[in-house]
Structures are given as structure tokens and as C-alpha cells.
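Report on the following structure.
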Amino acid sequence: MKKIYLLLFFLCPLITFGQTYTGPESIAFDAGNNRYLISNTGSGTILARSASGTLSVFKSGISPSPYGIEILGNTVYACCLGSIKGYSLSDGSEVFNVNTGATFLNGITSDGFSNLFATDFGGKKIYRINTLSSVSNVMASGLVQQPNGIVYDQANNRLVFVNWGSNAPIKALSLTDSTVTTIATTTLGNCDGLAWNGLDTWYIAAWTGQKIVKYDRDFLNAPVTIATGMSSPADIYYNQLSDTLAIPNSGNNTVVFLGFTAIENVTCSLLPLTTTADAAIFEGTTLPMGDSVLRIGFTNTSGLSFAYPLARITPLSALPAGMTFSASSNDFQVFASSWNPDSVAEASFFFDVTQAIPENTQLDFLVEITNLSPSSADTCFFTDTFSINLNPGVILGIAPADENWTIYPNPSTGNVQAHFPSENGLLRIYDLTGKLLCSYATNTQTLLIGKEVFTRSGMYQMVWMDKRSGKTLHKTVVIQE
């Protein structure tokens, strides 16, 4: 099943039962209590936002005022000038307080176990704080820019962080040898928040342009703007359980939630190609756009309408000899003037074929859909991989990659065995708070996962990615006492 992702904007109520945001700076999701916690620098408080949107005071009288916050275990930790303070999620009582000696701690993340990592915006440093020993130490100093939002990247054993200033680079601090490297140069200015969806997308909040942008997992492509009109967007948070990006706007005292809703049912077919170029055809147009065409039909099941959606395909395997794209068919192109709920819109991609295509030639390709018109903001985005036989000798069809993978036993009281569709993959395991517990490079189709990975009984999300195609598959596993 293929999914297109639609961004839905929700504005959190500014006043609810007497509570109001005052300089909202950072946000985290408390899964155990089904609520968001938001630090407020203007009032020295951490507010709680319930599932219904009601605001209440979780903790007041915090001095110095809290900036970045991070939930680890049963505690929410806050950056308070040079100190890290921790408050029990059950009653808000202070249970942790370490003065690191930093100038101004701002962004914070954790390794999901016992270590916190915080950026010192004023001192241009990065600190590690051990929550078990209450000991802090400097991991990096003398940074060129002022570091801000930070995320722990377990798969690469590093900390990824964004920076303040113009043309702000994205950098990484290796946890192996503490070296700092630039992983992407940007034209972004005054980057504040950074979030990672755990699969394939990074999100960055930039004050310059008052926008949110996204990058691919390896920062190889140019950023795509997904939201504008923000107001000093600060320490953003990605909630994996609801597929939602939460954005505190410190400039106008609001919190915005970007929800990613699935649009499903994507089908694809290719007009038949025979063994001679003369017999290759294109259909549905009288224009000389190519002698063969790949047609893809998309069904809009979102319940919303789009104007001028665009689509693009990118071959992941080599085109056969003599087969090339016609004109700009390999670029984004509008495939409908309007795309209404439950309607099917067809995108056509044309090829020139100058010699026979061998029978059973397989083509793997990436499909992308975006909705950048008429605005410059990306309000709809879909990407997934397909595979098709270009010449099976019959009318051609398309099928998604094999999605058969198993977890046994499920539910389990101990070890779990996972069997994947192919070798050369990456498995990540998350708990209900969305915290990454561990990751495994899978060079075999069968993997035994020890019960020590699962910290307690409950549900866990397993996400497996095929390294060749980038395709991701999801499974939920239940651990019982």
C-alpha cells in the first residue's frame, strides 16, 4: 500500500481555562500521559497540553526560565541557563539539578538511556550530562557558530545540530572521537530547531524566512519548504506516534501542529512495448512526446482538494539500451489542474525507444508527488518505489516491492525473530514515546532480537528499511510479562 503525505495545520488554542503560552520555546510528547509539555520562557513554566487541547500548568516558578526540554524515562529535563533541571512526570517535583557551568544551554536531546546532550548557545559548546551520576562534561568547544537544536543519531553514533547565523551549516559531533564535521552547507539563516522522523526526513526551523524546511535522511538534496508564516519558530518536535511535527512559535505565542495524513491507493501501468521500436506506441495524445509512455494513476483519498499537483519519476536501475526520457519527462510536471477527493488523476511519462527492449527487463523507479502550486509551500508529498517488467510479452502491470516480513512470536514474552524481505537492510526499534531504542544493520534475512532490547512490557514499533531502494516497512510487536 502506497502513501502520500498531506500536511494539515492546526493552531493550538492561545487561552484555555486561563492558561496561555508565553514565549513557548520547546515541546516534547509525554506518551504515558498522552499530552505535550511546552516550556515557556516568558513565565518560567512548563505547560501541559492535553489531547483535547486544554492547557494546564505542569510546573511553575522555574528559575532561570526553561528553554529546551527532553523527556527521558519518567522525567522531563529542562535547560535553565547553565543548569539542567529534571521534573517528575507524575507530580512535577524537582528530581534533578546539575550546574554544568555553561553560559546558556538551549537545545537538548538524549541517547534514550542515561545521557543528555545540550548545546551551549552562548559558550559555543556541547555538553554531556549523565542522569545517573549527575556528572557533566564538555564534548565539544570552540565551535565556529552558535549551536542550537540538536538530535541524537544512534544509527551513525553522532549528534546532529543546527546553528545560528546566516548560511548556517548543519553539523555533526561524532560520539566515537568527538570530532565535529559539516554534513551540509545551507542558505538558511538563524536555524533554531531540529527534528528527525526516525526514518528518512529531517526538519529544521529557521527564523530567516520564518519557515520550516525538510531534508532527506543524508542531506543530499536541497531543502524543501513545508511551512511558512511562522513567528520565530523554536525547538520543534516530531511525534512518531501521531506522525505530527509540533512547532512552538516564540514570536507570537502559538504552537502549530503539522499532521501528516495518508492518501492511499496508488496504481500504475505501462503501455505494452513490443520487441521493435516501430511498434512502440504512445496513447492519449497527438503530440510527438515519445513513442512509449508510463502512465500512473493516483487516487485522492485524503478528503481534501489540491490544485496543480506535480509528479516525477526517477529510475533506480539503469534504463535498457536505446530507452531514454523524452524532453523533460524526468522532471516534476503538473498532472492535473485540480485533484479532488476520491478522484483519479493520471500522470504520463514519455520515453523514446530506439531499439528492442529485451524480454523481462525489470525497471525499479522512485515516484514523487508534490503540491507546490499555487503557493511555494509543500502541502502534499509522496514518495515510494515501484518495480515493473518493461516487456513480459503481455499487457504490463505494476506491483509494489515485496512487503512480506514476519515477526515471531508476536506477542512475545522474550526473544523475537524477524524475517525480512531481503538482505542489506536497516532495522530500527522504537518504544511508545517514539524514542529510538536500537538499530541493526541486517545483512541477512533472519535476525534474532534479544529480550534485553525491550525495556518493559507493552507495544514497540519496528521499522525496516531496504538500503537499496530506501523503502520502509512497519510492524508492531507486543511484549508481555
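The values are calculated or read from the model by the stated rules, or taken from the named source; none is laboratory data. Note that this is a predicted model, so its numbers are computed, not measured. Glycine also receives a Cβ, built like all others from the backbone with ideal geometry; neighbour counts cover every protein chain displayed.
Within segment 243-274, the set of residues being part of a strand (DSSP E or B), out of contact with any Asp or Glu (no Cβ under 6 Å at 6 or more places or on another chain) and at pLDDT below 75 comprises Gly259, Thr261, Ala262, Ile263, Val266, Thr267, Cys268, Ser269, Leu270. Considering segment 89-113, and only residues there that are among the small types (Gly, Ala, Ser) and closer than 20 Å to Ile27 by Cα, the residue that is surrounded by the most Cβ atoms within 10 Å (Cβ to Cβ) turns out to be Gly107. Could you list, in sequence order, all residues of segment 210-228 that are part of a loop (DSSP other than H, G, I, E, B), surrounded by fewer than 16 Cβ atoms within 10 Å (Cβ to Cβ) and touching a Ser or Thr at 6+ places or on another chain (Cβ under 8 Å)? Of everything in segment 210-228, just one residue is part of a loop (DSSP other than H, G, I, E, B), surrounded by fewer than 16 Cβ atoms within 10 Å (Cβ to Cβ) and touching a Ser or Thr at 6+ places or on another chain (Cβ under 8 Å), namely Thr228. Scanning segment 182-198 for residues that are more than 19 Å from Tyr237 (Cβ to Cβ) and either in contact with an Asp or Glu (Cβ under 6 Å, 6 or more places away or on another chain) or free of Cβ contacts under 8 Å to residues at least 24 places away in the same chain (or both) yields a count of 3. Can you work out which of the residues in segment 442-465 that are within 15 Å of Ala155 (Cβ to Cβ) and touching a Gly at 6+ places or on another chain (Cβ under 8 Å) is surrounded by the most Cβ atoms within 10 Å (Cβ to Cβ)? If we take residues in segment 442-465 being within 15 Å of Ala155 (Cβ to Cβ) and touching a Gly at 6+ places or on another chain (Cβ under 8 Å), then Trp464 is surrounded by the most Cβ atoms within 10 Å (Cβ to Cβ). If you check Ser136 against the conditions, is it surrounded by fewer than 19 Cβ atoms within 10 Å (Cβ to Cβ), of a type in the set (S, T, N, Q) and closer than 27 Å to Val453 by Cα? The answer is no for Ser136. Name the single residue, out of those in segment 153-164 being modelled with pLDDT of 95 or more and part of a strand (DSSP E or B), that is farthest from Ile108 (Cα to Cα). Looking at residues that are modelled with pLDDT of 95 or more and part of a strand (DSSP E or B), I get Asn163. Residues in segment 113-139 that are small (Gly, Ala, Ser) and touching a Phe, Trp or Tyr at 6+ places or on another chain (Cβ under 9 Å) were compared, and the one that is farthest from Phe161 (Cα to Cα) is Ser134.
Of the set (1) assigned to a strand (DSSP E or B); (2) touching a Gly at 6+ places or on another chain (Cβ under 6 Å); (3) at pLDDT below 70, all apply to Phe298 but (2). Can you confirm whether segment 133-142 contains a residue that is within 23 Å of Arg217 (Cα to Cα) and at pLDDT below 95? For segment 133-142, residues within 23 Å of Arg217 (Cα to Cα) and at pLDDT below 95: absent.
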